[in-house]
1. Suppose we take every Cα in the stretch 76-141 and form the convex hull; what volume per residue is that in Å³?
2. Running a GNM on the chain with Cα contacts under 10 Å, which residue among Thr42, Thr12, Thr138 ends up with the highest mean-square fluctuation?
3. For the chain, what is the number of Lys pairs with C-alpha distance below 25 angstrom, counting only pairs 8 or more positions apart or on separate chains?
4. Classify the stretch 33-115: rounded, prolate or oblate, from the alpha-carbon gyration tensor (a ≥ b ≥ c, eigenvalue square roots; a/c under 1.5 rounded; otherwise prolate if a/b is larger than b/c)?
5. Select from Ala107, Gly141, Val74 the residue farthest towards the positive end of the dipole of the stretch 14-152; place +1 on Cβ of Lys and Arg, -1 on Cβ of Asp and Glu, and compute about the Cα centre.
6. Would you mind checking which residues have amide H under 5 Å from Leu37's amide H? H placed 1.01 Å from N; only 5 or more apart, or other chain.
7. Quick one: what does P(r) look like for the stretch 14-152 with 10 Å bins over all Cα pairs, in whole %?
8. Give a residue-ordered list of calculated ³J(HN,Hα) values for the stretch 88-93 (Karplus: 6.51 cos²θ - 1.76 cosθ + 1.60, θ = phi - 60°; whole Hz; x for Gly, Pro).
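Here, each number is a calculation from the coordinates, and none is a lab measurement. Quick caveat, the model's predicted, so the values are computed rather than measured. Note: ideal-geometry Cβ built from the backbone for every residue, glycine included; neighbour counts use all protein chains shown.
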Amino acid sequence: MERRAGAHYEPTMKIAIASDHAAFAMKGELAAWLRELGHDVTDLGPDGAASVDYPDYGYKLARHIAAGHADFGVAACGSGIGISIAVNRDPAARCALVSEPLSAALAREHNDANVIALGARLIGVEMAKACIEAFLATPFGGERHKRRVEKLSKPQGA
């Protein structure tokens with residue numbers, strides 16, 4: 001599934017990005033690349049590579065998305081697992097951990113994910129870019145999936 005940046009999406013999206021220390025370098029590269037593509041990028045931290053707790057930045061990103069300050073979010077930590085769990089604690093955030101473009105596209109199409117999570121120690125920057133391109137270029141599939149997506153924010157029997 002090959003997609004070109006800007007081919008299927010509005011190039012002026014508001015995107016928030018956050019990481020922990022393990023993904024600090026990747027976060028910086030991705031933020032710069034997204035800005036080069038013309039997106040309005042908000043870097044929610046951290047500001048350096050010193051050890052930090054990924055839940056703090058996952059929660060911060062989720063609050064930013066929930067408040068409507070960004071269209072989409074990019075979360076990253078060493079594996080992508082911890083920060084994705086933190087983001088998903090907010091019912092308004094639907095964060096999908098992906099490691100290749102097809103999963104990124106399906107997360108948007110089927111799950112209306114509004115945050116993508118990446119593992120900096122597991123994938124390289126170029127694969128992360130490919131995942132983000134697929135994520136941003138894929139629209140939500142709509143009606144067929146809407147009922148299921150609505151249930152994600154309103155758990156039954158919880």
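1. Values: hull volume 3.9 nm³, N = 66.
Convex hull of Cα atoms, per residue: 60 Å³.
2. Judging by the Gaussian network model, the answer is Thr12.
3. 10
4. Details: a/c = 1.32, a/b = 1.19, b/c = 1.11.
Taking the square roots of the gyration eigenvalues as a ≥ b ≥ c, the stretch 33-115 is rounded.
5. Gly141
6. Sorted by chain and number, the residues that satisfy this come to none at all.
7. Values per bin, smallest distances first: 14, 48, 33, 5, 0.
8. These are the phi-based 3J(HN,Hα) values: 6, 5, 8, x, 7, 9 Hz.
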